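S.K.: Shown below is the structure under consideration.
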Amino acid sequence: MTANGRHVAMLGRAGLLGAATGLRSTVALAALVVRRNDGLPAALGHPAFQAAAAIACAGELVADKLPTTPSRLSPRGLASRLIAASLAAAVLARGEARSPVPAVVIASAAALAAAKIGHDTRRELDRRFPDPVVALTEDGLAIGLAALGS
């Protein structure tokens with residue numbers, strides 16, 4: 001693969017990480033930490049951080065099912081997704097020795113789009129299926145996107 005092809009592939013992975021973050025805000029960063037991405041600061045490669053990332057991600061997956069959890073489309077929900085998507089894209093770009101700007105833009109746009117699409121789709125599917133089934137399916141999609149992107 002050419003250098004240009006690798007760059008395009010990295011941008012595609014940034015989009016996947018952003019989409020995962022739009023669905024579940026911690027999943028992309030957790031995937032990068034668990035997989036020890038080369039773009040992470042060295043300290044985050046420690047096994048304790050891998051465990052912490054997995055626990056934080058699991059905590060979000062549980063908290064998402066609670067009725068008191070605010071909408072992902074709230075200002076706080078969108079801001080946290082934009083920040084997490086940007087960080088994940090910057091880590092990915094750093095690991096590829098690329099400028100983070102294009103990756104951050106793509107990941108942020110994907111996070112916003114996935115947050116809106118995920119919200120609307122979940123609301124529609126909740127009318128036909130039990131919420132836990134829809135939520136767990138969305139969890140699986142987020143984890144799958146993060147795994148592909150990381």
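The values are calculated or read from the model by the stated rules, or taken from the named source; none is laboratory data. Given the structure is predicted, the values throughout are model-derived calculations rather than measurements. Note that we place each Cβ from the backbone using ideal geometry, even for glycine, and neighbour counts take in every protein chain shown.
S.K.: So if I check each of VAL27, VAL8, VAL62, which one is among the aliphatic types (A, V, I, L, M) and over 17 Å from VAL104 (Cα atoms)?
M.R.: VAL62
S.K.: In region 10-38, what count of residues is obtained for those that are touching a Pro at 6+ places or on another chain (Cβ under 9 Å) and either at pLDDT below 95 or under 13 Å from LEU87 (Cα atoms) (or both)?
M.R.: Total meeting the criteria: 1.
S.K.: Can you work out which of the residues in region 113-130 that are among the basic types (Lys, Arg) and surrounded by 14 or more Cβ atoms within 10 Å (Cβ to Cβ) is farthest from GLY15 (Cα to Cα)?
M.R.: ARG122
S.K.: Condition first: over 13 Å from the mean Cα position of the chain (by Cα) and polar (S, T, N, Q). Now tell me which residues in region 23-38 satisfy that.
M.R.: Of everything in region 23-38, just one residue is over 13 Å from the mean Cα position of the chain (by Cα) and polar (S, T, N, Q), namely ASN37.
S.K.: Being in contact with a Lys or Arg (Cβ under 9 Å, 6 or more places away or on another chain) and closer than 24 Å to PRO102 by Cβ is the requirement here; does LEU32 meet it?
M.R.: no
S.K.: Another one. For ALA51, state whether it is within 19 Å of ALA19 (Cβ to Cβ) and not β-branched (Val, Ile, Thr).
M.R.: no
S.K.: Given LEU73, LEU82, which one is touching a residue at least 12 places away in the same chain (Cβ under 8 Å), buried (at least 17 other Cβ atoms within 10 Å of the Cβ) and of a type in the set (A, V, I, L, M, F, W, C)?
M.R.: LEU82
S.K.: Yes or no: VAL33 of a type in the set (Val, Ile, Thr), over 30 Å from ARG6 (Cβ atoms) and part of a helix (DSSP H, G or I)?
M.R.: no
S.K.: Return the pair list, or none, for Cβ contacts closer than 6 Å from residues in region 87-105 that are among the polar types (S, T, N, Q) to residues that are modelled with pLDDT of 95 or more, at least 6 apart or on different chains.
M.R.: From residues that are among the polar types (S, T, N, Q), there are no pairs.
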